[in-house]
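The block underneath contains the structure these notes are about, expressed in structure tokens.
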Amino acid sequence: MQLNFSAENEQFRREIAGWLEANLCGEFEPLRGRGGPGDEHSYPEQRKAWERELAAGGWTCIGWPESYGGRDASIEQQVIFHEEYARAGGPGRMGHIGEGLLGPTLLAFGSEAQRQRYLPGIRNGTEYWCQGYSEPGAGSDLANVKTRARFDQQRGRWLFDGQKTWTSNALESDFCFVLARTEPGSSGHKGLGFFLLAMEQPGIEIRPIRQLTGTSEFNEVFFDAAECAAEDIVGDPGDGWKVAMGVLGFERGVSTLGQNLLFQNELDEIVRRAKANGAARDPVLRQRIADAHIGLRILRCNCLRMLSGNAADGTLSRESMIYKLYWSTWHRNLGKLAMDVLGPESEILEDGPYQLNRLQSMYLFTRADTIYGGTNQIQRNIIAERALGMPREPRG
Amino acid sequence: MDFKFTEEQLMIRDTAEAFLAEFSGSAAVREQMAAQPAAYDAELWRRICTDMYWQAIHVPEQYGGLGLGYVELLAVLEPMGRHLLCSPFFATVCLAANALLVAADDRQKAEFLAQIAAGTTATLAWTGARGQWSVAGVEGVWSRSGEDFVLNGQWRFVPDGHSAQLLVIAAREAGSDGEDGISLFVLPADAPGLGREWLPAMDQTRPQARLSCRDVVVPARGLLGEAGRAAPLLGKTLDLASIALAAEQVGGAQRVLDMSVEYSRERVQFGRSIASFQAIKHKAADLLLKVESARSAASYAACIAGRALLGDAGDAELREAASVAKAWCSDAYFLTAGSAIQIHGGIGVTWEYDLQLYFKRSRSSEVLLGNGAQHRERIAAMLLD
């Protein structure tokens with residue numbers, strides 16, 4: 001058991017750190033620290049240009065096989081990449097849904113033709129993806145998706161009717177992967193398909209959702225005879241749930257370590273503000289700031305254990321199962337701590353009509369952390385049932 | 001970067017688990033608890049020292065030890081906490097041997113670590129009557145008498161202090177305060193003028209004692225480090241011990257969680273197992289999060305402790321790691337043990353059921369070497385002052 005990286009990997013760390021220092025500047029300078037959670041709507045075009053810059057340097061999709069444009073980077077190297085990226089203040093990755101979710105899904109479940117068609121656009125920063133899972137009636141109960149997919153034999157195309165919601169970056173995306181019901185009258189996990197749809201088409205309408213921050217990262221996506229080609233289904237009709245669950249497994253991947261460094265940046269700012277305004281002398285706040293530090297240190301260790309220990313067959317270890325519940329709760333508490341450190345100033349905006357500062361935005365947006373990607377309550381069910389072997393919830 | 005046990009470390013842990021399952025079962029623990037004054041099972045200690053050799057697990061080979069690291073020490077401490085081992089192990093190895101590793105010169109290490117490797121029991125006394133665990137909490141006093149040193153005063157809450165054969169004692173120069181004037185001494189427990197009194201304690205699985213010195217003479221060769229300048233050495237020792245205790249706490253917390261899940265699956269109310277209620281499932285899930293995170297914290301700290309003993313990690317890094325681990329593991333163990341009683345219902349508050357033993361151990365372990373709030377304040381001082 002050790003926490004150190006090998007000399008070879010430390011050399012890799014210097015390489016990526018050096019590249020970022022040399023390239024995250026000039027026209028990209030304003031992007032530093034932008035585009036993270038709660039700020040995903042900012043600078044979309046510039047951030048896409050930055051994705052292409054990264055791609056030109058060979059720094060997108062580094063964990064993918066070389067044959068698909070990646071570097072075959074080891075888990076350690078991917079960890080290092082994400083750490084250095086966050087340390088440098090690299091902007092929120094416009095391409096992360098494609099790189100982190102759809103790419104691994106196509107590598108695991110897709111056809112060779114699908115890989116050849118879609119992976120290069122992700123790798124080169126020219127095509128962007130969003131996720132079409134949640135629906136108004138399918139949140140925690142994701143298997144309750146109602147969006148219908150029917151195959152039009154005459155035209156040889158899939159047609160879609162229904163609605164997705166909470167879709168991040170839908171307006172900035174070229175494609176959407178969609179979980180839809182292929183078997184009329186089916187319910188639950190059965191009878192679903194996993195599809196790849198172009199966003200630019202007459203049958204798709206996008207409506208932004210304004211959140212409590214006043215900004216809109218999320219959208220509603222409406223399908224009215226939207227379509228895709230016959231071959232744009234991953235797996236067979238009926239395989240959709242298996243493929244979709246595979247994607248959720250990839251969500252707990254190496255990029256989470258970069259997230260930890262964003263959290264560290266936020267905690268550092270709270271510490272600076274506390275020292276400046278005297279909150280650092282308040283014994284109760286001192287306890288809470290120390291608790292946040294301890295919690296973040298352990299979050300990183302949980303993450304390193306998760307990355308060191310995951311079984312090769314993809315089954316989730318205990319440390320993987322607690323991960324979402326842990327970080328979301330920690331981060332939500334950090335938001336409240338930030339406001340308590342700022343005191344009365346926490347209520348005052350930078351500017352009208354609703355210009356939040358970074359900590360205010362974080363505080364408000366962290367209320368979503370314990371909901372999206374599986375609520376804390378769903379996470380606890382998963383932990384109790386899968387990690388502790390307690391009885392499953394009865395299904396209605 | 002490979003943040004998990006190696007095959008060899010897993011083997012050490014599993015061997016310890018099997019040994020303790022056999023020799024530190026409920027009956028054995030309860031027999032130890034009943035002894036008045038507290039006494040350990042000499043035969044079990046002999047087995048540990050001759051068959052397992054755990055007392056020298058992280059002592060360098062040149063001093064008669066196995067020369068393994070702090071992670072290997074962690075690998076045996078977790079099962080010890082899991083089985084509530086009643087033994088002078090923690091006092092001897094995690095307090096006294098660590099003090100010697102940190103503060104002794106080569107000649108002293110050769111002499112005293114060899115004694116420990118041969119099965120001599122030992123402990124560290126530093127806390128005064130006021131019960132402060134920090135270096136500044138040392139109250140007993142040293143003075144000079146020619147070449148020798150003379151100890152006077154009271155030490156309280158000394159783990160296994162009434163039975164240890166070898167003592168490491170921290171004292172301060174008369175009139176000094178804070179971290180000034182601290183010295184560390186090593187001396188036999190039967191030194192003239194040294195009084196020892198067992199303190200009956202709520203947790204009967206880890207005995208405590210009061211030591212008193214009245215003009216106890218320590219020859220110069222019993223001084224560890226430099227007279228009056230041992231505060232950093234004592235601080236480092238306490239940090240190492242805190243990390244060891246955190247590892248023990250992980251084992252105890254895991255055990256009470258396991259007991260609770262098992263019991264909840266068997267216990268039927270309203271026609272169904274209580275494990276099927278979300279009120280119980282969600283509580284158990286929250287506890288697993290605490291326990292797995294405690295394991296991460298203790299593992300992290302053990303890695304840093306290992307580097308600190310090799311001189312590869314600084315005092316500040318060790319202090320931070322120790323406080324992260326001790327704060328989290330103390331709170332996690334107490335929460336888990338308390339919640340375990342709630343999940344068990346009435347049977348959880350009986351004397352016959354072992355849960356009460358873990359509940360008491362969780363509390364005594366929380367107190368020993370500083371509770372969560374005290375360690376958070378140490379972190380706060382590092383971040384904010």
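Can you tell me which residue is surrounded by the most Cβ atoms within 10 Å (Cβ to Cβ) among those in the stretch A:130-181 that are more than 20 Å from A:Phe365 (Cβ to Cβ) and among the acidic types (Asp, Glu)? Taking the candidates together, the pick is A:Glu135. A residue that is open to solvent by less than 20 Å² (accessible area, probe 1.4 Å) and either within 14 Å of chain B (Cβ to nearest Cβ) or of a type in the set (Ser, Thr, Tyr) (or both) occurs somewhere in the stretch A:68-75.
Only a single item in (1) part of a helix (DSSP H, G or I); (2) over 22 Å from B:Arg307 (Cβ atoms); (3) in contact with a helix residue (DSSP H, G or I) (Cβ under 7 Å, 6 or more places away or on another chain) is not met by B:Arg130, and it is number (1). For beta carbons closer than 6 Å, sequence separation of 6+ or different chains, a first residue in the stretch B:278-303 that is at the interface with chain A (Cβ under 7 Å from one of its Cβ atoms) and a second that is surrounded by fewer than 24 Cβ atoms within 10 Å (Cβ to Cβ) and among the charged types (D, E, K, R), the qualifying pairs are B:His282/A:Arg380; B:Ala285/A:Arg380; B:Glu292/A:Arg318. Looking across B:Asp203, B:Asp190, B:Asp239, one residue alone is in contact with a helix residue (DSSP H, G or I) (Cβ under 8 Å, 6 or more places away or on another chain), among the charged types (D, E, K, R) and under 18 Å from B:Ile169 (Cα atoms). It is B:Asp239. Residue count for the stretch B:175-222, restricted to those that are over 18 Å from B:Arg130 (Cα atoms), open to solvent by 30 Å² or more (accessible area, probe 1.4 Å) and in a strand (DSSP E or B): 4. Annotation: of all residues in the stretch B:331-385 being within 14 Å of chain A (Cβ to nearest Cβ) and of a type in the set (D, E, K, R), the one that is most open to solvent (accessible area, probe 1.4 Å) is B:Asp385.
Any chance the stretch B:67-80 includes a residue that's without any contact (Cβ under 8 Å) to a residue 60 or more places away in the chain and out of contact with any Phe, Trp or Tyr (no Cβ under 7 Å at 6 or more places or on another chain)? Yes, that holds for at least one residue. Per the conditions (1) within 14 Å of another protein chain (Cβ to nearest Cβ); (2) surrounded by fewer than 18 Cβ atoms within 10 Å (Cβ to Cβ), the sole criterion not satisfied by A:Gln78 is (2). Of the numbered criteria (1) part of a helix (DSSP H, G or I); (2) small (Gly, Ala, Ser); (3) under 26 Å from B:Ser273 (Cα atoms), the one A:Ser361 fails is (3). Among the residues of the stretch A:289-319, write down those that are open to solvent by 20 Å² or more (accessible area, probe 1.4 Å), closer than 13 Å to B:Ser299 by Cα and modelled with pLDDT under 90. Listed by number, the list holds a single entry, A:Arg305.
Tally time: how many residues in the stretch B:278-316 are farther than 17 Å from B:Ala340 by Cβ and over 20 Å from the mean Cα position of the chain (by Cα)? Total meeting the criteria: 7. Please indicate, with yes or no, whether at least one residue in the stretch B:53-71 is crowded, with 19+ Cβ neighbours inside 10 Å, of a type in the set (Ser, Thr, Tyr) and within 23 Å of B:Pro37 (Cα to Cα). Within the stretch B:53-71, not a single residue is crowded, with 19+ Cβ neighbours inside 10 Å, of a type in the set (Ser, Thr, Tyr) and within 23 Å of B:Pro37 (Cα to Cα). Residue count for the stretch A:1-24 satisfying the condition of being away from chain B (no Cβ under 14 Å), over 25 Å from the mean Cα position of the chain (by Cα) and assigned to a loop (DSSP other than H, G, I, E, B): 0. Among the residues of the stretch B:314-325, the one identified as within 10 Å of chain A (Cβ to nearest Cβ) and in contact with a Gly (Cβ under 9 Å, 6 or more places away or on another chain) is B:Ser323. Listed by position, the helices (runs of 4 or more DSSP H) inside the stretch B:1-80 whose residues that are closer than 30 Å to A:Leu304 by Cβ and within 14 Å of chain A (Cβ to nearest Cβ) number at least 1 are B:7-23.
Of all residues in the stretch A:366-396, those being open to solvent by less than 10 Å² (accessible area, probe 1.4 Å), more than 10 Å from chain B (Cβ to nearest Cβ) and of a type outside the set (Val, Ile, Thr) number 1. Taking the stated definitions as given, is A:Glu27 open to solvent by 70 Å² or more (accessible area, probe 1.4 Å) and farther than 30 Å from A:Arg367 by Cβ? Yes; evaluated as a whole, the condition is true for this residue. For the stretch B:304-313, the tally of residues that are more than 23 Å from B:Ala381 (Cα to Cα) and more than 10 Å from chain A (Cβ to nearest Cβ) stands at 3. Applying the set (1) of a type outside the set (A, V, I, L, M); (2) in contact with a Phe, Trp or Tyr (Cβ under 7 Å, 6 or more places away or on another chain); (3) crowded, with 22+ Cβ neighbours inside 10 Å; (4) modelled with pLDDT of 95 or more to A:Thr60 leaves exactly one unmet item: (2).
Exactly one residue out of B:Trp126, B:Trp133 is open to solvent by 10 Å² or more (accessible area, probe 1.4 Å), in contact with a Leu (Cβ under 9 Å, 6 or more places away or on another chain) and of a type outside the set (A, V, I, L, M), and it is B:Trp133.
Count, please, the residues in the stretch A:115-146 that happen to be under 30 Å from A:Thr370 (Cβ atoms) and of a type in the set (Lys, Arg). Looking only at that region, the number is 1.
Can you name every residue in the stretch A:280-307 that is touching a residue at least 12 places away in the same chain (Cβ under 8 Å), more than 7 Å from chain B (Cβ to nearest Cβ) and either under 29 Å from the mean Cα position of the chain (by Cα) or not in a helix (DSSP H, G or I) (or both)? Those that are touching a residue at least 12 places away in the same chain (Cβ under 8 Å), more than 7 Å from chain B (Cβ to nearest Cβ) and either under 29 Å from the mean Cα position of the chain (by Cα) or not in a helix (DSSP H, G or I) (or both): A:Arg288, A:Ala292, A:Gly295, A:Leu296, A:Leu299, A:Arg300, A:Cys303, A:Met306, A:Leu307.
Taking the conditions (1) modelled with pLDDT of 95 or more; (2) among the hydroxyl-bearing types (Ser, Thr, Tyr); (3) out of contact with any Cys (no Cβ under 8 Å at 6 or more places or on another chain); (4) within 30 Å of A:Phe12 (Cβ to Cβ) in turn, B:Thr6 satisfies each one other than (1).
When we screen B:Leu233, B:Leu240, B:Leu245 for residues that are part of a helix (DSSP H, G or I) and in contact with a strand residue (DSSP E or B) (Cβ under 9 Å, 6 or more places away or on another chain), the only hit is B:Leu233. Of the residues making up the stretch A:262-279, those that are in contact with a helix residue (DSSP H, G or I) (Cβ under 8 Å, 6 or more places away or on another chain) and more than 7 Å from chain B (Cβ to nearest Cβ) are A:Leu262, A:Phe263, A:Gln264, A:Asn265, A:Glu266, A:Leu267, A:Glu269, A:Ile270, A:Arg273, A:Asn277, A:Ala279.
A:Ile322 falls short on exactly one of the conditions (1) within 22 Å of the chain's Cα centre (by Cα); (2) open to solvent by less than 30 Å² (accessible area, probe 1.4 Å); (3) away from chain B (no Cβ under 14 Å), and that condition is (3).
The values are calculated or read from the model by the stated rules, or taken from the named source; none is laboratory data. Source: prediction; values computed, not measured. All Cβ positions, glycine included, derive from the backbone under ideal geometry; neighbour counts span all protein chains shown. Protein only, heavy atoms only, side chains kept; ligands, DNA and RNA dropped before computing areas. Shrake-Rupley method; radii C 1.70, N 1.55, O 1.52, S 1.80 Å.
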